[in-house]
1. Report every pair of residues separated by at least 6 positions or lying on different chains whose Cβ atoms are under 6 Å apart, first residue within the stretch 148-166 and among the hydrophobic types (A, V, I, L, M, F, W, C), second assigned to a helix (DSSP H, G or I).
2. Search the stretch 65-79 for residues being farther than 12 Å from THR117 by Cα and outside any loop (DSSP other than H, G, I, E, B), and hand back the single one that is most open to solvent (accessible area, probe 1.4 Å).
3. Anything in the stretch 123-155 that is in a helix (DSSP H, G or I) and more than 17 Å from the chain's Cα centre (by Cα)? List them, or say none.
4. Could you tell me which residue of the stretch 82-99 is nearest to LEU162 (Cα to Cα), considering only residues that are open to solvent by 30 Å² or more (accessible area, probe 1.4 Å) and among the hydrophobic types (A, V, I, L, M, F, W, C)?
5. Need the failing condition index for LEU181 against (1) aliphatic (A, V, I, L, M); (2) more than 28 Å from SER62 (Cβ to Cβ); (3) modelled with pLDDT of 90 or more, just the number.
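The values are calculated or read from the model by the stated rules, or taken from the named source; none is laboratory data. Predicted model, so just to flag it, every value in this text is computed and none were measured. Here the Cβ is made from the backbone with ideal geometry for all residues, glycine too, and neighbour counts use every protein chain on show. The accessibility values were calculated without ligands, DNA or RNA, using every heavy atom of the protein model including side chains. Shrake-Rupley method; radii C 1.70, N 1.55, O 1.52, S 1.80 Å.
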Amino acid sequence: MRRPGSRHRLFAAMVIILACGLGFAAAEVVFQFKEHRDARLDLYEGDGGHWQLDRRLGWKPSIGAFHQRTAEYDITRNVNAQFMNDRAETPADADAIRILALGDSHTFAIGASQADTWVRALEDRLNHTASHGERYRTYNAAMIGYSMHQYLLRLIDEAPRLRPQYVVVGVSFATDLFDLLPPDHGGWR
């Protein structure tokens, strides 16, 4: 013998399950559309600059000058033709001792103007202490959010063209060391 109202409860449960399923399906369609639209635009803004998607690297900065003012800092940045937070190359750079810097946001220098990066400070210090007409030129090929793998890709792309005598990697204990482990071992946070 059936209890009164059990049919109504079963029907209500089925309606709730169906409504949840339709809601999840609708959300998936919206997010798929948004993702497709963002990929089509191929540009997004954030962290004081414009970034473009890159099939190989994931993303890279858009070329040009940017200014960002927050309650915390007021910075300027100029991304050169090689997608570096650096000044443009000159023919005189070929005679300098070239140093390629790789890294993430700490090296790219989010929150600091281009002239105030540790990469530029390294160049200034080396040129200040140089002797016998030596001249040093650093190249800041870092990018916000990059991992060790992306550093390697940047090295593969830039080393044949720049032919650096030295490569310096700005390693951040807070981010890079987590990237060394796969997710099933606690990495990629």
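1. Pairs that qualify, where the first residue is among the hydrophobic types (A, V, I, L, M, F, W, C) and the partner is assigned to a helix (DSSP H, G or I), are MET148/ASP179.
2. Of the stretch 65-79, the ones farther than 12 Å from THR117 by Cα are 65-74, 78-79.
So of that shortlist, the ones also outside any loop (DSSP other than H, G, I, E, B) come out as 65-69, 74, 78-79.
Details: ALA65: 81, PHE66: 32, HIS67: 106, GLN68: 32, ARG69: 170, ASP74: 80, ASN78: 63, VAL79: 5 Å².
So the residue we want is ARG69.
3. From the stretch 123-155, those in a helix (DSSP H, G or I) are 123-129, 148-155; that's our starting set.
Answer for the stretch 123-155, where residues must be in a helix (DSSP H, G or I) and more than 17 Å from the chain's Cα centre (by Cα): GLU123, ASP124, ARG125, LEU126, ASN127, HIS128, THR129.
4. ALA94
5. The number of the failed condition is (3).
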